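A.B. asks: Below you will find the structure I want to go over with you.
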Ligand SMILES: Cc1ncc(COP(=O)(O)O)c(C=O)c1O
């Protein structure tokens, strides 16, 4: 919240009110996919750095895949300086596969945060990690944590039911749907000569109206927001409800059939004629 993603980005504000100067002072914000700037921060702050937190696949500034070597670079540097590597898998967890982004890219963080899929649509979140770090949490350790909905029985039952459905073959289905959607949208924009980037990581798809590859927040922000809005409303008029901003991501689900994907591509083909 010192410099936040999708929700506040869409509203065009850089952070959020109520974050104290102390919280800002304790946080270093480094561009995604930029190990050089991280190295400069490490040179400056060294072992004062307690943890490096990252969405392993950024999905709050649109979909931005990790560059080759980025996650491995984070793993190596955090190990060297004795900092924790924390993966925010709220979006990627159980969506890229049963082992999330850490399984997809074979990089093991020290702590991971989960939300969304883990609750099967009900409010549930989870933190997981190395046993010696987890033991710092109450009731075993001194760090107290609890909440009104912690371990809520209905949410945990829904989460378990969803996770039992998510056998590896279901991810193959999701992946195929995502690939059909991404390939279809790409061909629509290519045929129309419209500059668009459609990144895909496994089951996640992004959509930016820009001619340069999107690698970080700056290149994501180069996406033409007015064009996205026109495209969004054109699609909505044709019965397809996309994510409402290119700072959000398209998530195909198991309910989406090949027919749904075809209808979406056909709608996109009709809408690009109006762009
Ligand atoms: C990547 C990511 N991390 C964290 C959160 C917030 O999670 P929670 O609502 O469990 O605090 C969100 C959005 O809701 C998110 O997209």
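The values are calculated or read from the model by the stated rules, or taken from the named source; none is laboratory data. Predicted model only: the values in this text are computed from it and were never measured. Positions of Cβ are backbone-derived with ideal geometry, glycine not excepted, and every protein chain shown enters the neighbour counts.
A.B. asks: Condition (residue is away from the ligand (no atom under 16 Å from the Cβ) and under 14 Å from the mean Cα position of the chain (by Cα)) applied to region 82-92: is it met by at least one residue?
C.D. replies: Within region 82-92, the first condition is being away from the ligand (no atom under 16 Å from the Cβ), and the residues that meet it are 82-84.
With under 14 Å from the mean Cα position of the chain (by Cα) added as a condition, the list becomes none.
Among the residues of region 82-92, not one is away from the ligand (no atom under 16 Å from the Cβ) and under 14 Å from the mean Cα position of the chain (by Cα), which makes the answer no.
A.B. asks: Hey, among 186, 164, which residue is within 28 Å of residue 70 (Cα to Cα), out of contact with any helix residue (DSSP H, G or I) (no Cβ under 9 Å at 6 or more places or on another chain), free of Cβ contacts under 8 Å to residues at least 24 places away in the same chain and more than 14 Å from the ligand (Cβ to nearest atom)? Explain how you work it out, then say what you get.
C.D. replies: Details: 164 fails: within 28 Å of residue 70 (Cα to Cα).
Being within 28 Å of residue 70 (Cα to Cα), out of contact with any helix residue (DSSP H, G or I) (no Cβ under 9 Å at 6 or more places or on another chain), free of Cβ contacts under 8 Å to residues at least 24 places away in the same chain and more than 14 Å from the ligand (Cβ to nearest atom) holds for just one of 186, 164, which is 186.
A.B. asks: Next question, about the same structure. Among the residues of region 199-215 satisfying the criterion of being buried (at least 22 other Cβ atoms within 10 Å of the Cβ) and out of contact with any strand residue (DSSP E or B) (no Cβ under 8 Å at 6 or more places or on another chain), which is farthest from residue 171 (Cα to Cα)?
C.D. replies: 201
A.B. asks: Let me ask another. So residue 136 fits all but one of (1) surrounded by 14 or more Cβ atoms within 10 Å (Cβ to Cβ); (2) at pLDDT 95 or above; (3) away from the ligand (no atom under 16 Å from the Cβ); what number is the exception?
C.D. replies: That leaves (1) as the condition not met.
A.B. asks: Within region 115-126, which residues are within 10 Å of the ligand (Cβ to nearest atom), farther than 10 Å from residue 162 by Cα and in contact with a helix residue (DSSP H, G or I) (Cβ under 9 Å, 6 or more places away or on another chain)?
C.D. replies: Taking region 115-126 first, the residues within 10 Å of the ligand (Cβ to nearest atom) are 115-116, 118-119, 123-126.
From the residues that got through so far, the ones that are farther than 10 Å from residue 162 by Cα too are 115-116, 123-126.
123, 124, 125, 126, listed by residue number.
A.B. asks: Here's something else I'd like to know. Only one of 164, 186 is more than 20 Å from the chain's Cα centre (by Cα) and over 17 Å from residue 270 (Cα atoms). Can you tell me which? Outline the logic, then answer.
C.D. replies: Details: 186 fails: over 17 Å from residue 270 (Cα atoms).
Answer to the selection: 164.
A.B. asks: Given the criterion at pLDDT 95 or above and farther than 20 Å from residue 57 by Cβ, identify the matching residue among 178, 195, 222, 182.
C.D. replies: Values: 178 fails: farther than 20 Å from residue 57 by Cβ; 222 fails: farther than 20 Å from residue 57 by Cβ; 182 fails: farther than 20 Å from residue 57 by Cβ.
Just a single option satisfies the conditions, and that option is 195.
A.B. asks: Go through the residues of region 93-101 one by one and say whether even a single one is within 11 Å of the ligand (Cβ to nearest atom), under 16 Å from the mean Cα position of the chain (by Cα) and over 26 Å from residue 196 (Cβ atoms).
C.D. replies: yes
A.B. asks: Taking the criterion of being part of a helix (DSSP H, G or I) and more than 20 Å from the chain's Cα centre (by Cα), would at least one residue in region 207-215 satisfy it?
C.D. replies: First, pick out the residues of region 207-215 that are part of a helix (DSSP H, G or I): none.
Taking every residue of region 207-215 in turn, none turns out to be part of a helix (DSSP H, G or I) and more than 20 Å from the chain's Cα centre (by Cα).
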